[in-house]
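**Student:** One structure is given below, represented as C-alpha cells, and several questions about it will come after.
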Amino acid sequence: MQKFGFIGLGIMGSAMAKNLARAGFDVTVWNRTPEKCAELAALGAKIAKAPRDVVQGCPITFAMLADPAAAEAVCFGPDGALTGIGEGRGYVDMSTVDAGISRRIAEAVTAKGGRFLEAPVSGSRKPAEDGTLIILAAGDRSLYEEATPALEKMGKKVLYLGEVGNGANMKLVVNMVMGGMMSIFCEGLALGEKAGLDRSDILEVIDAGAMANPMFRLKGGLIDKGDYTVAFPLKHMQKDLRLAVNLGDNMKQPLYSAAIANEVFKKAKELGFGEEDFSALFKAVQG
Ligand code: NAP
C-alpha cells in the first residue's frame, strides 16, 4: 500500500485527503488548526504533530494551502516540511501560488536531495469531493509518475506541463478568466435588474445562448437564491487575480479587464465578503 502525506485540510485539502484515505492509501495528515484532522482520523489517517513529521514519515507529501504566504510558512517555517526533506523524498504543492514561490520551494527541496512537483487544481469543492479535479502538474517527472496513483484518485484529468512554473501559470490564467467572467456576470445581473428585468429571465436568456456555461448556470442559480455558501472563498479568487495581474506585469502583458476585476474583488473583500463564496461578489456589485 502506497504511503502519502497530506498537509492543509481546508475546503479542498480535506476532501482530497479523504479521497486518498478512502482509496485505501496509508495517509498521514497535518493541519494548522488541528480540529480539522478529526474527520480524516475517522477514516483511518494518522495525525502528525508538524509538517516535518509528515514529510519524514511519507515518501510523498501533498500540500494544499491558502496562498503563497501559507505555502512558504509550511515549507520554510519552524518544523516545516523542508526540515523533513531527505534524499528522494517527494513534495507536491497543490496550492494556487505564483511561479516565483513555486520555484523557490522547488529549489529548496531539490537542494536537500528531495524532488518537487507543483500541481495546482482546477475545480472547486464538489469536484474535490468527487475526485474529479483537473490537475496541472509540472516539475520532477519521476515524482509525477510515482504520485500518479494518488493524483488519479483526486482528479479526472491529470496533465503534466513540463518545468516548474508552468502549472502555476496555467492555473493563474484559468482563474483570471474565471474571475473576470464572474465580475461581468454580476454586473449584467445587477444592471438588468435595475432596468426592471427579471433576474431569472436574464439567467435563462444567458443560458440559452452561446455564452451558456456551467459556472454561470450553477452560480447564477445560487445567486438567485441568495445562497453564498462557500465553495471557493472570495478572498482566494482575489488572491488569484492579484497574482495574475502581477504575472502580467512581469510578462509586460497588459491586463485591463483582470486589473479591474481585481479591484472589484478587493472591494468585496473590504465589505466583508472574503470568507463567502466568490459569487458573493454580486452583493458588492449590486451595492
Ligand atoms: P481554505 O479552505 O481557506 O484552506 C486553506 C488551508 O491553508 C487550511 O488548511 C489552512 O489552515 C491553511 N493555512 C492557511 N494559512 C496557513 C499558514 N500560515 N500556515 C499553515 N497553514 C495555513 O482554502 P481552499 O479553498 O481549501 O483552497 C486551498 C488552495 O486551493 C488555495 O490556494 C486556493 O486558491 C486553491 N483552490 C481552491 C479552490 C476552491 O474552490 N476552494 C479551487 C481550486 C483551487 P487552517 O485550517 O488552520 O486555517
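The values are calculated or read from the model by the stated rules, or taken from the named source; none is laboratory data. Since this is a predicted model, take the numbers as computed values, not measurements. Quick reminder, even Gly has a Cβ in these numbers, built from the backbone with ideal geometry, and neighbours come from all protein chains shown. All accessible areas refer to the heavy atoms of the entire protein, side chains included, with ligands and DNA or RNA removed. Shrake-Rupley method; radii C 1.70, N 1.55, O 1.52, S 1.80 Å.
**Student:** Using DSSP to define loop residues, name the GluC sites (Glu not before Pro) in segment 194-287 whose beta-carbon has at most 15 other beta-carbon atoms within 10 Å.
**Tutor:** 275
**Student:** In the Gaussian network model of the chain, springs joining C-alpha atoms below 10 Å, which of 239, 153, 219 carries the largest mean-square fluctuation?
**Tutor:** The residue that fluctuates most here is 219.
**Student:** A further question on this structure: As a test, work out the antiparallel percent of DSSP beta bridges whose residues both lie in the chain, rounded to the nearest 5.
**Tutor:** Working: 5 of 29 bridges.
Percent antiparallel among DSSP bridges in the chain is about 15.
**Student:** What is the Cα radius of gyration of segment 3-163 over 2.2 N^0.38 Å, N being its residue count? Present the calculation step by step, with values, prior to reporting the outcome.
**Tutor:** Details: Rg = 13.7 Å, N = 161, 2.2 N^0.38 = 15.2 Å.
Taking N as the residue count of segment 3-163, the ratio is 0.90.
**Student:** Right, something else. Can you give me the accessible area per residue for the chain, using a 1.4 Å probe, in Å²?
**Tutor:** Numbers: 13040 Å² over 287 residues.
For the chain, the solvent-accessible area averages 45 Å² per residue.
**Student:** Could you give the size of the charge dipole of the chain about its Cα centre, using +1 on the Cβ of each K and R and -1 on the Cβ of each D and E, expressed in debye and rounded to the nearest 20?
**Tutor:** The dipole of the chain has a size of about 400 debye.
**Student:** Between beta-carbons, use under 15 Å as the cut-off and find the net charge around residue 126, counting Lys and Arg +1, Asp and Glu -1. If you can, show how the numbers build up before the last one.
**Tutor:** Details: positive: 18, 125, 156, 217, 219; negative: 129, 130, 227, 277.
Residues near residue 126 contribute +1 overall.
**Student:** With both partners inside segment 3-163, how many of the DSSP beta bridges are antiparallel, as a percent to the nearest 5?
**Tutor:** The answer is about 15 percent antiparallel.
**Student:** Please report, as a whole percent, how much of the solvent-accessible surface of the chain comes from carbon and sulfur atoms (probe radius 1.4 Å).
**Tutor:** 56 percent
**Student:** Using the Cα centre as the reference, give the magnitude of the dipole from point charges on the C-beta atoms of segment 1-139 (Lys, Arg: +1; Asp, Glu: -1; all else neutral), rounded to the nearest 20 debye.
**Tutor:** Once rounded to the nearest 20, the dipole reads 220 debye.
**Student:** Grab the DSSP H runs of the chain that are 4 residues or longer, score each as -39,500 (n - 2.57), total them, divide by all residues and round the 222 nm result to the nearest 500 deg cm²/dmol. Write out the running numbers ahead of the final one.
**Tutor:** Values: 13 runs with 154 residues, N = 287.
After summing the helix terms and dividing by residue count, I get -16500 deg cm²/dmol.
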